[in-house]
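The values are calculated or read from the model by the stated rules, or taken from the named source; none is laboratory data. In this text the structure is predicted, and so the values were computed from the model without any measurement. Glycine also receives a Cβ, built like all others from the backbone with ideal geometry; neighbour counts cover every protein chain displayed.
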Amino acid sequence: MKRILHIISISIFFVGVLKAQVLFQDSCVMRVGNEVITSKDIDDNLETYKLQFPGVPEDSLRKAILDELVNRKVIVVAAKKDTSIKVSDDEVENALDNWIQGLKKQYGEQNFQKELEREGLTLAKLKSLNKDKMREELLIQKYLQKYILPKLNITDKELKKFYAQNKDSLNKPAKYKISQILIKYKPSPKEDKAVYEKAYAVYKKIKKGEPFESFINLSDDDLTRDRGGDLGVVNINQFSDSVKNALSTLKANEVSKPVRGEFGWHIFKVVEKRDSIYHLKHIMFKIVPSEKDKKNALERLNKVKSELKKGTPFETLAQLYSDDNMSKDLGGDLGWISEYDLNQQTRDTLKKMKKGEIKVIKSPVGYHIIKLQDKEEARTYTFDEVKDNLRQLLLQRKEQQEIQALVDSLKKRIYVGKCEGR
């Protein structure tokens, strides 16, 4: 198997990049054998759970965290009693080294060192703080590898049965290979500056201490304004470089300077973050195209259409006129795109187009001159195409079933109960 056996969904340790542990005894919440789970253990995982399950009440998240921590501790207790399972100091040290190397690679050497300094830690102290939890993690892995791994096997018969039962839902979406020439509505520098200054005035008030939330009513984003500007949990890699760069420097509860987006200027607030996954709110100050902007775009569109009629290659016109900086140097080539990644208007247009055909699609951004290079119709995946993925899916299901059965069995022999006085 490619995956290392583990209990799904619990944050094993290290909630922040390098978050230090509190060195005093915290309040005991639950006893598992001779092990304890403290309120701090729950708090350390709460941020991660909030990111994974936005909108879920905190009480429900705390209960879910406690349940997972109990399951882990049950396995730790059983592993410590199993004399055939040993974790050496060298194994712990090597695992910590690998973890630290992973952090350096993920965040960069300089950011890693800065975070160490911010937390007031040395490398040796960081290892010391996390040594016990790393040892527990290795104990869990070894215990599950011994008692669960031998039970994990999926036969071809099981795979074919699952495929037959779920064939109707195993659909491969239509794919389109397209090129585009984007003719944007371009606001005048004067209009762009006016909207920026409006956004910056709000940003200055927030930096002086006024609540971000008190300005949500100014947002021009109708979809998020009524829910407090909440964009939910997103991967920042889906944003443009300008937005991504602005967000990457922010910490939780920090607010960005105005950032230019596709439709206007945004002030972002980072609610929470973990790696590239952010919970964001924003206030958007929209730049509304004037009639003159629209007229200029239409004139440019007609010019491109005229050149196409004369026989000028699409690729040449894309390089000359397209406002899509990502594709213009490629002659407008956007590559293969799944229908699931297209809006309904574009999807409906492409379904009716033939290879080589060119159509114009109007959007809030401007005009998209689309050329269909090639297409693959939607169809059902064959068994051979999906059998490896199905095997992995069934292995994961079986793994979780076996782990849960093991934990339930261990709980009959290991004491699990609330700490006295709670």
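Worth a mention:
- Residue among 417, 356, 331 that alone is over 32 Å from the mean Cα position of the chain (by Cα), on the phi > 0 side of the Ramachandran plot and not β-branched (Val, Ile, Thr): 356
- Scanning segment 44-80 for residues that are of a type in the set (Gly, Ala, Ser) and surrounded by fewer than 21 Cβ atoms within 10 Å (Cβ to Cβ) yields a total of 3.
- Any hit, segment 301-320, residues being out of contact with any Lys or Arg (no Cβ under 7 Å at 6 or more places or on another chain), at positive phi and not assigned by TED's automatic domain parsing to the domain that holds residue 181: no
- Identity of the residue in segment 234-259, more than 25 Å from residue 50 (Cα to Cα) and charged (D, E, K, R), that ends up surrounded by the most Cβ atoms within 10 Å (Cβ to Cβ): 257
- Those strands (runs of 3 or more DSSP E) of segment 324-422 in which 1 or more residues are in the same structural domain as residue 308 (by TED's automatic domain parsing) and within 30 Å of residue 307 (Cα to Cα) occupy 333-338, 358-363, 366-376.
- Close pairs from segment 275-291: first not assigned by TED's automatic domain parsing to the domain that holds residue 254, partner of a type in the set (D, E, K, R) and buried (at least 22 other Cβ atoms within 10 Å of the Cβ), Cβ under 6 Å, at least 6 apart: none
- Annotation note: of 143, 176, 107, the sole residue that is buried (at least 18 other Cβ atoms within 10 Å of the Cβ), of a type in the set (Phe, Trp, Tyr) and within 29 Å of the chain's Cα centre (by Cα) is 176.
- Boolean, residue 116 is assigned by TED's automatic domain parsing to the domain that holds residue 393, among the hydrophobic types (A, V, I, L, M, F, W, C) and outside any loop (DSSP other than H, G, I, E, B): yes
- Matching residues, segment 260-281, being crowded, with 16+ Cβ neighbours inside 10 Å and more than 27 Å from residue 367 (Cβ to Cβ): 267, 268, 269, 270, 271, 272, 273, 274, 278, 279, 280, 281
- Check on residue 174, under 30 Å from residue 334 (Cβ atoms) and small (Gly, Ala, Ser): yes
- Taken as a whole, segment 82-89 holds no residue that is within 20 Å of residue 417 (Cβ to Cβ) and part of a helix (DSSP H, G or I).
- The C-beta contact set for segment 324-350 (first residue surrounded by 12 or more Cβ atoms within 10 Å (Cβ to Cβ), second residue aromatic (Phe, Trp, Tyr) and modelled with pLDDT of 95 or more, distance under 8 angstrom, 6+ apart or interchain) comprises 331/314; 332/314; 336/176; 337/176; 339/176; 342/176; 350/176.
- Hits in segment 80-104 (condition: over 25 Å from the mean Cα position of the chain (by Cα) and among the basic types (Lys, Arg)): 80, 81, 86
- Only residues that are under 22 Å from residue 241 (Cα atoms) and of a type in the set (D, E, K, R) were counted in segment 319-352, giving 6.
- Within segment 51-70, the set of residues being touching a strand residue (DSSP E or B) at 6+ places or on another chain (Cβ under 9 Å) and outside any loop (DSSP other than H, G, I, E, B) comprises 51, 52, 66, 69, 70.
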